[in-house]
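A.B. asks: Here it is: the structure, laid out below.
The values are calculated or read from the model by the stated rules, or taken from the named source; none is laboratory data. Predicted model only: the values in this text are computed from it and were never measured. Heads up, the Cβs are rebuilt from the backbone with ideal geometry, glycines too, and the neighbour counts pull from every protein chain shown.
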Amino acid sequence: MKDLPKSRLAIDIEHDFAPEYILVKGKAELKNELLKIASESSGVLLASDPDREGEAIAWHLADILGVNLDKKCRVRFYEITENAVKAAVKNPDFIDVNKVDAQQARRILDRLVGYTLSPLLWKKIRFGLSAGRVQSVALNLICEREREIMKFVPDPYWVITANCKHGENNYELRAEKLDEKTLMKNSLPLLINTEEKANEIIAEIKANEIVVSEFTTKTVSHAAPAPFRTSTLQQEASRKLSMVPAHTMRIAQALYEGINIPGRGHVGLITYMRTDSLRISNEALDSCREFIKRNYSPDYLPEKPNIYGAQSKSKNLKVQDAHEAIRPTDMNLTPEAVKDALTPEQYKVYSLIWRRFTASQMSPAVSAKTKLKAEAGRVGLRQEGETLVFDGWSCLWPIDLKGEELVKVKKGEILTLTKAQSENRFTKPPARYSEAGLIKTLEENGVGRPSTYATIAGTLEGRDYIEKNEEKRFYPTGLGLVVDEFLAQYFNRKDLSSIVDAGFTAQMEKELDDVEEAKRKWLDVVGEFWKEFSQTVDEAQGAPKVALPAPEPIGEACPDCGHDLVKKRGRFGEFIACSNYPECKYTRPILSTIGVKCPKCGEGEIVQRKSKKGGKTFYGCSRFPDCDYVSWNRPAGEKCPDCGADLYRRGSTIYCANCKYKAEINEE
């Protein structure tokens, strides 16, 4: 209910960085209502979310309601179930002032960075720009990846494949050696970099018998995947459901706060969803194992519970182990059992959480990996396959197997060559970050916390620093590149002002952990940072003004005044405008076609547009308003072979929204 005002810095730098908190606009009525209820009550218990931000909210509420901080007024529960709430109310605790201090330090640091850098960017680049402590690191990652892509020069290489038969069985082997020199590493050719070399290998294969030199089968045990923590839930929801992290967290919050289940009342379906711990309570382990025992054969239940370490992927960060991993509160409330009470999106997210948690306590999946090696003169050939022997946990969660099962052949047997071919390919640049990939990289670098992952990319998109392409991968705008270059020049110098450096940001997160553990004073952390940061800002004030990229002419004259038309960028992306603005205000949208005819009218082309609210990409007919076809999903221009409905495309996958049909597109 209280926060720093948006209109000014509100941090008294000269007096120990004292923050000026005010009542959030629009909360006066709620405040008065709470004061009235508190005055009529024998006591007040504060039950905000059990994390740093929640602790700070409880602290502010205690101040508003006049609650004595020397009394046990704080209750914390990590699942909204009857037992958890009753247990928490029976055992109230003190407000954790160290957690409050850690959250206050983060808030003050972010305010100092944002409200100091933003005016600098206005002065040096363009009015209205802004920058943040964590977002600047994410922007730098995206921009650096883009620069790698821009500098990348593709190299040609050749893949040699020998299609063979043995009896009724077919094999497809790849060349891996020539004269004992390795041609392959991680499935990428090393030496086949000329067409002459490729032809030489093909000729060698055709001129010699293909003799089996080795056939091995190895049994491999695949351990069950860990249950979700915040970052992995966001990543999987992005990959499997195409949900942006902020939306995933809104749905998870609703599942945590509770859903009305017929016959059960209001039930919190999952435990607290902002966590980086993989710990599971003994009660939850027992419940999950009992569910598996009742519903699956004995082979699916391991002798002992599967225990997962609490280590963060970043060596710089301490795991906040107060919260469990994300899990269902009641194993018997299966996704199908509650489906009718949930929205389609809630069902999808709950199903992910329930299946992942249940799978995490099941027996390992077992596969048989087969490897066939053969020789054709000086050329060594290889094919690998894998087949599932026991599905184990993969009955609930998909497992990634490499290749298909190979039928056994004996050493010394001859394979009959049916075709030898070479395929010319080119090395590819590193891929742009997807939403899931960005979160994973930030976590591995110790940047941000579970509570911040969901908003980072959205903030950058809202500032027009980054955009998503059709494959839903991030790339920087021209403005984003300019801002990143400026920040990197002055604020990436490996000192306490290096807000662009991932290592610095991770170190700052560690120092906030130290504040929470009472190892450091929040004032010391903020003071040390400000001393270096303010000096760097002063130096940057002397930098020359940065020129933004000039609008790109499109080679057309304005129909209203005859001046050149140019591409410009606004709040909702690129558009065409007159270069004579503001004298001439001619504009028109850029209609980006996707090469698909409108499935409704059959005349117009499907074009990509952006919504006015939030700038979300959608697809519509170029003949609008004559044709009102619109879709959030990208049409593929084909009909489903199973049910006849329209197919849609996501990356290299085409799918049917009406049935389960799905297929991959081979674009090579």
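A.B. asks: Please go through the range 356-395 and pick out each residue that is within 30 Å of E204 (Cβ to Cβ) and charged (D, E, K, R).
C.D. replies: K369, K371, K373, E375, R378, R382, E384, E386 - these are the residues of the range 356-395 that are within 30 Å of E204 (Cβ to Cβ) and charged (D, E, K, R).
A.B. asks: Take the residues of the range 244-286 that are within 16 Å of Y347 (Cβ to Cβ) and polar (S, T, N, Q): which is surrounded by the most Cβ atoms within 10 Å (Cβ to Cβ)?
C.D. replies: Selected residue: T248.
A.B. asks: Looking at (1) in contact (Cβ under 8 Å) with a residue 60 or more places away in the chain; (2) surrounded by fewer than 20 Cβ atoms within 10 Å (Cβ to Cβ); (3) within 30 Å of S242 (Cβ to Cβ); (4) more than 26 Å from the chain's Cα centre (by Cα), find the lone condition where R382 falls short.
C.D. replies: For R382, the exception is condition (3).
A.B. asks: Something else about it: Yes or no: the range 603-615 includes at least one residue that is surrounded by 15 or more Cβ atoms within 10 Å (Cβ to Cβ), part of a loop (DSSP other than H, G, I, E, B) and at pLDDT 85 or above.
C.D. replies: yes
A.B. asks: Quick check on E290: is it in the same structural domain as P398 (by TED's automatic domain parsing) and of a type in the set (D, E)?
C.D. replies: no
A.B. asks: Looking only at the range 246-274, count how many residues are touching a residue at least 12 places away in the same chain (Cβ under 8 Å) and either assigned to a strand (DSSP E or B) or in the same structural domain as I80 (by TED's automatic domain parsing) (or both).
C.D. replies: Here the count works out to 6.
A.B. asks: Within the set of pairs 6+ apart or on separate chains, which have a first residue in the range 539-558 that is more than 27 Å from L120 (Cβ to Cβ) and at pLDDT 90 or above, a second that is part of a loop (DSSP other than H, G, I, E, B) and of a type in the set (A, V, I, L, M, F, W, C), and C-beta atoms under 9 Å apart?
C.D. replies: C558/C584
A.B. asks: For the structure I just gave you, tell me whether Y490 is touching a residue at least 40 places away in the same chain (Cβ under 8 Å), surrounded by fewer than 23 Cβ atoms within 10 Å (Cβ to Cβ) and over 27 Å from T653 (Cα atoms).
C.D. replies: yes
A.B. asks: Still on this structure: Which is more than 28 Å from T271 (Cβ to Cβ), among the acidic types (D, E) and surrounded by fewer than 17 Cβ atoms within 10 Å (Cβ to Cβ), of D63, D93?
C.D. replies: D63
A.B. asks: Looking at this structure, is K2 basic (K, R) and over 20 Å from G114 (Cβ atoms)?
C.D. replies: no
A.B. asks: Tally the residues that are surrounded by fewer than 22 Cβ atoms within 10 Å (Cβ to Cβ) and part of a helix (DSSP H, G or I), restricting the search to the range 448-466.
C.D. replies: Of the residues in that region, 5 qualify.
A.B. asks: Looking for whichever is surrounded by fewer than 19 Cβ atoms within 10 Å (Cβ to Cβ), of a type outside the set (A, V, I, L, M) and under 17 Å from the mean Cα position of the chain (by Cα) here; the options are N469, N424, N445. Which one fits?
C.D. replies: N469
A.B. asks: Can you find, within the range 618-668, the residue that is surrounded by the fewest Cβ atoms within 10 Å (Cβ to Cβ) among those that are part of a strand (DSSP E or B) and over 29 Å from the mean Cα position of the chain (by Cα)?
C.D. replies: In this case the residue turns out to be K639.
A.B. asks: Okay, moving on. Inside the range 255-280, can you point out the residues that are over 11 Å from I80 (Cβ atoms) and of a type outside the set (D, E, K, R)?
C.D. replies: Across the range 255-280, the qualifying residues are N260, I261, P262, G263, G265, M273, T275, S277, L278, I280.
A.B. asks: Take the conditions free of Cβ contacts under 8 Å to residues at least 40 places away in the same chain and either loosely packed, with under 15 Cβ neighbours inside 10 Å or touching a Cys at 6+ places or on another chain (Cβ under 7 Å) (or both) and apply them to D391. Does it pass?
C.D. replies: So D391 does not fit the description; no.
A.B. asks: What are the residues in the range 114-143 that are without any contact (Cβ under 8 Å) to a residue 40 or more places away in the chain, under 30 Å from E444 (Cα atoms) and not hydroxyl-bearing (S, T, Y), if any?
C.D. replies: If the condition is that a residue be without any contact (Cβ under 8 Å) to a residue 40 or more places away in the chain, under 30 Å from E444 (Cα atoms) and not hydroxyl-bearing (S, T, Y), then G114 is the only one that fits.
A.B. asks: Is it the case, given these coordinates, that I261 is in contact with a helix residue (DSSP H, G or I) (Cβ under 8 Å, 6 or more places away or on another chain) and modelled with pLDDT of 95 or more?
C.D. replies: The answer is no for I261.
A.B. asks: Moving on. If you scan the range 191-244, which residues turn out to be among the hydrophobic types (A, V, I, L, M, F, W, C), under 30 Å from I439 (Cα atoms) and not in a strand (DSSP E or B)?
C.D. replies: The answer is A223, A224, A226, L233, A237, L241, M243, V244.
A.B. asks: Moving on. Criterion first (over 30 Å from G448 (Cβ atoms) and surrounded by fewer than 22 Cβ atoms within 10 Å (Cβ to Cβ)) does L301 satisfy it?
C.D. replies: Yes, satisfied.
A.B. asks: I would also like to ask the following. Could you grab me the full set of residues in the range 356-379 that are among the β-branched types (V, I, T) and surrounded by 23 or more Cβ atoms within 10 Å (Cβ to Cβ)?
C.D. replies: T358, V379
A.B. asks: Further question on the same structure: Suppose the filter is surrounded by 17 or more Cβ atoms within 10 Å (Cβ to Cβ), touching a residue at least 60 places away in the same chain (Cβ under 8 Å) and within 32 Å of the chain's Cα centre (by Cα); does E176 pass it?
C.D. replies: no
A.B. asks: For Y296, indicate whether it is surrounded by 18 or more Cβ atoms within 10 Å (Cβ to Cβ), over 30 Å from V75 (Cα atoms) and either at pLDDT 55 or above or not small (G, A, S) (or both).
C.D. replies: It is false that Y296 is surrounded by 18 or more Cβ atoms within 10 Å (Cβ to Cβ), over 30 Å from V75 (Cα atoms) and either at pLDDT 55 or above or not small (G, A, S) (or both).
A.B. asks: Considering each residue of the range 195-213, count those that are exposed (fewer than 12 other Cβ atoms within 10 Å of the Cβ) and in contact (Cβ under 8 Å) with a residue 60 or more places away in the chain, and give that number.
C.D. replies: Qualifying residue count, the range 195-213: 1.
A.B. asks: Right, something else. Residue check: is S213 farther than 30 Å from T617 by Cα and assigned by TED's automatic domain parsing to the domain that holds R355?
C.D. replies: No: the conditions fail for S213.
A.B. asks: So is S277 at negative phi, small (G, A, S) and more than 28 Å from the chain's Cα centre (by Cα) or not?
C.D. replies: For S277, the condition - at negative phi, small (G, A, S) and more than 28 Å from the chain's Cα centre (by Cα) - is not met.
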